[in-house]
Amino acid sequence: MSHFKLTYKQYGERSILIEWSSKIDKNILEDLIFFKEKLEKSLFEEIDYINSAYNSILISYNSIIENIYDDILILKDIYSSEINVIAKPSILWRIPVCYDDEFALDLEAISLHKKLSKNEIITLHSNAIYTVFFIGFLPGFLYLGGLNETLYFPRKSTPRLQIEKGAVGIGGIQTGIYPNDSPGGWNIIGNSPINFFDIGKEEPCFAKAGDKIQFYAISKKKYIDIKTLVEAGVFQLESEVLHG
């Protein structure tokens with residue numbers, strides 16, 4: 001595993017923020033996940049929780065930080081250590097999406113701007129295999145890297161006040177899915193009938209950072225059928241464990 005030059009700084013009374021270079025990069029993600037696993041193994045009695053984003057880890061301790069310099073030295077030692085951790089396998093999740101005009105509010109605008117047919121855009125969007133970089137700004141909102149460069153499209157200058165749950169959007173160089181009704185500025189090209197966050201489950205969000213996502217197109221009828229199964233709690237997502 002490559003080692004990067006990281007920055008460490010105190011973040012409130014009980015937390016330390018660790019940052020990598022500010023860019024979306026799979027090598028950074030792999031390094032970040034590996035470091036996070038080493039921290040969880042080394043400091044499990046001292047930490048309250050660890051959150052991660054594209055290029056940062058936020059460690060929140062159980063108690064107030066007394067000496068930030070000593071704690072940072074400990075973190076640096078853990079980062080450079082050869083602690084053995086069992087890498088969690090990533091999973092490829094296959095997500096159904098209906099790209100019908102009813103749901104694809106911005107597909108025509110993208111089509112006109114890119115001089116591509118709607119079907120070409122759908123094919124490019126659903127052929128890619130995306131990487132889950134982190135989960136936020138809403139619980140269950142998957143930030144996905146790996147969008148085909150042809151589909152890069154800037155976020156809206158004026159966000160919509162209401163985006164429907166399950167909306168699949170493009171924002172800049174990313175794609176993602178709104179897990180609940182929400183305001184938002186991404187360009188909506190479809191909708192998925194599945195739940196991306198279920199508070200009633202032991203793990204409310206099925207995916208984790210490092211997992212893969214691939215979309216597949218479905219008809220409106222299939223969308224309604226899947227949504228019925230989801231509401232009944234019997235729909236099973238297609239998935240595949242990835243090794244290496």
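None of the figures in this text is laboratory data; all of them are computed from the coordinates on show. Bear in mind that the values here come from a model prediction, so they are computed numbers and not experimental data. Don't worry about glycine lacking a Cβ; one is built from the backbone with ideal geometry, like all the others, and counts go over all protein chains shown.
For this structure, a couple of remarks:
- Furthest towards positive pole of dipole, Ile78, Ser60, Ile28, structure part the stretch 7-80, Cβ charges: Ile28
- In a DSSP loop and with at most 16 other Cβ atoms within 10 Å, the GluC sites (Glu not before Pro) in the stretch 139-215 are Glu164, Glu202.
- Between Ile129 and Leu17, the simple spin-label model (points 7 angstrom out along Cα→Cβ) gives 3.4 nm.
- For the stretch 154-166, 3J(HN,Hα) per residue [Karplus equation, 6.51 cos²θ - 1.76 cosθ + 1.60, θ = phi - 60°, Hz, x = Gly/Pro]: x, 5, 5, 5, 10, x, 6, 6, 9, 10, 6, 3, x
- For the stretch 59-151, a crude dipole built from +1 on the beta carbon of Lys and Arg and -1 on the beta carbon of Asp and Glu, taken about the Cα centre, is about 300 debye to the nearest 20.
- Ellipticity at 222 nm from helices only: DSSP H runs of n ≥ 4 in the chain, each -39500 (n - 2.57), divided by the residue count, give -7500 deg cm²/dmol.
- Cα-based helix-to-principal-axis angle, 68-80 vs the chain, degrees rounded to 10: 70 degrees
- The stretch between Asn67 and Glu202, if pulled fully straight at 0.36 nm per residue, gains 45.0 nm over its current Cα-Cα span.
- In terms of overall dimensions, the C-alpha atoms belonging to the chain reach 58, 39, 37 Å along their principal axes, ordered largest to smallest.
- The stretch 1-102: mean projected area of Cα convex hull, nm²: 9.1 nm²
- Trypsin sites (Lys or Arg not before Pro) restricted to DSSP loop in the stretch 77-166 with at most 15 other C-beta within 10 Å: Lys115, Arg155
- Working note: Karplus 6.51/-1.76/1.60 with θ = phi - 60° gives the stretch 209-220 the couplings 4, x, 5, 10, 10, 10, 8, 9, 6, 10, 7, 4 Hz, where Gly and Pro are set to x.
- Highest mobility in the GNM of the chain, judged by mean-square fluctuation with C-alpha springs under 10 Å and restricted to Ile78, Ile170, Ile122, is found for Ile78.
- Straight-line reach from Lys156: taking Cα to Cα under 17 Å and skipping same-chain neighbours fewer than 8 places apart, the aspartates and glutamates in range are Asp106, Glu108, Glu164.
- Length-normalised contact order of the stretch 90-242 in % [C-alpha pairs under 8 Å, at least 6 apart]: 36 percent
- A Cα-only calculation for the stretch 131-244 places Rg and Dmax at 14.2, 42 Å.
- Three-way shape call for the stretch 27-167 based on the alpha-carbon gyration tensor, with the a/c threshold at 1.5: prolate
- Residues Tyr223, Tyr8, sorted so that the one with the fewest Cβ neighbours within 10 Å comes first: Tyr8, Tyr223
- Estimated dipole of the chain in Debye, rounded to 20 [Cβ of Lys and Arg +1, of Asp and Glu -1, Cα centre]: 840 debye
- Of the GluC sites (Glu not before Pro) in the stretch 100-137, the ones in a loop by DSSP (not H, G, I, E or B) with at most 16 other beta carbons within 10 Å are Glu102.
- Most fluctuating residue given options Ala128, Ala232, Ala217, as computed from a GNM of the chain linking Cα atoms under 10 Å: Ala232
- Listed pairs Lys115/Lys227; Lys165/Lys212; Lys88/Lys220; Lys115/Lys208 exceeding 24 Å between Cα atoms: Lys115/Lys227; Lys88/Lys220; Lys115/Lys208
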